[in-house]
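One structure is given here, and the rest of the page talks about it.
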Amino acid sequence: ASRGPGRTDMALRCAASLAAGRPPRGPRREGTVRWSSAAKASAVKINEKASREKILTLESMNPLVKALEYAVRGPIVLKAGEIENELRKGIKKPFTEVIKANIGDAHAMGQRPITFLRQVVALCTYPNLLDSPSFPEDAKKRARRILQGCGGNSLGSYTSSQGINCIREDVASYLERRDGGVPADPENIYLTTGASDGITAILKILVSGGGKSRTGVMIPIPQYPLYSAAISELDAIQVNYYLDEENCWALDVEELRRALNGAKAYCNPKVLCIINPGNPTGQVQNRKCIEDVIHFAWEEKLFLLADEVYQDNVYSEGCQFHSFKKILYEMGPEYYNNVELASFHSTSKGYMGECGYRGGYMEVLNLHPDIKGQLVKLLSIRLCPPVSGQAAMDVVVNPPVPGEESYAQFIKEKESVLNNLAKKAKLTEDMFNKIPGVHCNPLQGALYAFPRIFIPSKAIEMAKAHKMAPDMFYCMKLLEETGICVVPGSGFGQKEGTYHFRITILPPAEKLKILLDKVKDFHIKFLEKYA
């Protein structure tokens, strides 16, 4: 007959309970638990083991990861989180909420989703809704086509590493329409986890060599911090070229040449990154500029990366988005058949603002046949992009067309978002330029302003005392006194002796105006305090 748990079992159970900070449980019978000396000894040993030195520490971790920085979600955002927690606990502040104007997260700022996009993704996610009369037939048609491309007709299945075939076909059709008939091959298209996934994948496959032959990657300054972070993580060499702030952040080929020639002394520059429309600077490149850049890349044998995620976000009169691929094609076969180009798009920006779906694609032209297999191999490590994100990307490239029942509502919602953004871009520019000590270039496109701010020498000295960049000090003070979270220009890069911050124009117009008024009041007080 069983006599219940033995003493050894009891000792181990008690020791484990003590190590976990729980009172020990005795056998399931009445009476007082008595700890044996064996149980106590085991508990001591377990506690000794629990306090041993950690394998992973700041000293033993990957130094490349420790070195990288991502300003958009850096120290100032962590501080904003702390302040939010304090507000929730009832700690009094000079404001009632933290406004996170640091990131281009449209829906978090109150933008409503595009109805048709959500309908298609909902139908894909829960196919039983295909029988519902509440959903339009054009949405059902797209959902059925996407599901037919999925294993088991389910969004929950893996797809090929390159993405669902029919969606890549839709991307190719979209590119041909966008670029006025320039041919696009679905085999050159890769669906990605947002644009970031594609950018980092291409950089991974491009970086090689050591010492002076290590790959150099040319990036604009100011830049989106994804680039500097990826370059740092890959132990590549960052080669800065500066945009011309005095000329509305224009890109000058002579500046590219200066940066390239200087970098050849310490690395092998072979990648040129372009962000158009610009982030954080909001400039839209004209056709002549793009032609000059392509000619420069062809002449210097550089692999071109064209970050075009803001291609729908163009506001200024006289400005127009030109894709690098279209201009490359129109420059003739000598360029089109030779310049290696990867271009990127995403569901996260534009009029969609669907950041959370992590949908995106890249089109890669003139890739060596052997490298195509290597790229697919690299992408296969993450199996496939999120399938719901692939479905969302499909709606972006295959929206309702005239004659379909959802077209009128879709166009109304799309134009409403883009018109509101254009108005807010002008409002932001005008209000910043009325503040003493602030200058803001026209917001031609994208979702941000990047104003230049004057910081008095006394404040600069105070920042040094706090071991902060002057604009980080400024932005921290702005956050602590107003609850407004923006990103200092030092996180994006800027010319020595200049200071900026990036702020999104995504909040609703009424809230944006209040926010900008608060920035104005803060800036004037800041100048007075540190004069």
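The values are calculated or read from the model by the stated rules, or taken from the named source; none is laboratory data. None of the values given here were measured: they were computed from a predicted structure. Neighbour counts are summed over all protein chains in view; Cβ atoms, including those assigned to glycine, are modelled from backbone coordinates with ideal geometry. In case anyone asks, the SASA skips ligands and DNA or RNA and just uses the protein heavy atoms, side chains included. Shrake-Rupley method; radii C 1.70, N 1.55, O 1.52, S 1.80 Å.
For residue 468, which of the numbered conditions (1) out of contact with any strand residue (DSSP E or B) (no Cβ under 7 Å at 6 or more places or on another chain); (2) outside any loop (DSSP other than H, G, I, E, B) fails to hold?
(2)
In segment 312-336, which residue that is free of Cβ contacts under 8 Å to residues at least 40 places away in the same chain and touching a strand residue (DSSP E or B) at 6+ places or on another chain (Cβ under 9 Å) is farthest from residue 176 (Cα to Cα)?
320
Helices (runs of 4 or more DSSP H) wholly in segment 367-443 with at least 3 residues that are open to solvent by less than 70 Å² (accessible area, probe 1.4 Å) and under 28 Å from residue 126 (Cα atoms) - which ones? Give the steps one after another, and end with the answer.
Numbers: elements: 369-380, 387-397, 407-432.
Helices (runs of 4 or more DSSP H) meeting the threshold: 387-397, 407-432.
Scan 170, 179, 197 and give me the residue that is touching a residue at least 40 places away in the same chain (Cβ under 8 Å) and under 14 Å from residue 391 (Cβ atoms).
Details: 179 fails: under 14 Å from residue 391 (Cβ atoms); 197 fails: under 14 Å from residue 391 (Cβ atoms).
Testing whether each residue is touching a residue at least 40 places away in the same chain (Cβ under 8 Å) and under 14 Å from residue 391 (Cβ atoms) leaves just 170.
Residue check: is residue 294 more than 21 Å from residue 441 (Cα to Cα), assigned to a helix (DSSP H, G or I), open to solvent by less than 10 Å² (accessible area, probe 1.4 Å) and not aromatic (Phe, Trp, Tyr)? Break it down stepwise before answering.
Details: more than 21 Å from residue 441 (Cα to Cα): yes; assigned to a helix (DSSP H, G or I): yes; open to solvent by less than 10 Å² (accessible area, probe 1.4 Å): yes; not aromatic (Phe, Trp, Tyr): yes.
Considered against the rule, which asks whether it is more than 21 Å from residue 441 (Cα to Cα), assigned to a helix (DSSP H, G or I), open to solvent by less than 10 Å² (accessible area, probe 1.4 Å) and not aromatic (Phe, Trp, Tyr), residue 294 comes out as yes.
Name the one entry in 373, 403 that is without any contact (Cβ under 8 Å) to a residue 40 or more places away in the chain and closer than 18 Å to residue 200 by Cα. Talk me through it step by step, then tell me what you get.
Values: 403 fails: closer than 18 Å to residue 200 by Cα.
Every option except 373 fails the conditions.
Whether any residue in segment 102-113 is of a type in the set (S, T, N, Q) and more than 27 Å from residue 420 (Cβ to Cβ) is what I want to check.
Here is the first cut: in segment 102-113, the ones of a type in the set (S, T, N, Q) are 102, 111.
Checking the rest, the ones that are also more than 27 Å from residue 420 (Cβ to Cβ) come to none.
Among the residues of segment 102-113, not one is of a type in the set (S, T, N, Q) and more than 27 Å from residue 420 (Cβ to Cβ), which makes the answer no.
Which one of 317, 299, 340 is on the phi < 0 side of the Ramachandran plot and at pLDDT below 95? If you could, list the steps in order and put the result at the bottom.
Working: 299 fails: at pLDDT below 95; 340 fails: at pLDDT below 95.
One residue alone meets the criteria, 317.
What's the number of the only condition in (1) at pLDDT below 85; (2) open to solvent by less than 60 Å² (accessible area, probe 1.4 Å) that residue 49 fails to meet?
The number of the failed condition is (2).
Can you find a residue that is in a loop (DSSP other than H, G, I, E, B), within 23 Å of the chain's Cα centre (by Cα) and either surrounded by fewer than 21 Cβ atoms within 10 Å (Cβ to Cβ) or acidic (Asp, Glu) (or both) anywhere in segment 487-506? Spell out how you get there, then give the answer.
Here is the first cut: in segment 487-506, the ones in a loop (DSSP other than H, G, I, E, B) are 492-499, 505-506.
Pick out the ones that are also within 23 Å of the chain's Cα centre (by Cα) and you get 492-494, 499, 505-506.
The next check asks that each one be either surrounded by fewer than 21 Cβ atoms within 10 Å (Cβ to Cβ) or acidic (Asp, Glu) (or both); those that pass are none.
So far as segment 487-506 goes, no, none of its residues is in a loop (DSSP other than H, G, I, E, B), within 23 Å of the chain's Cα centre (by Cα) and either surrounded by fewer than 21 Cβ atoms within 10 Å (Cβ to Cβ) or acidic (Asp, Glu) (or both).
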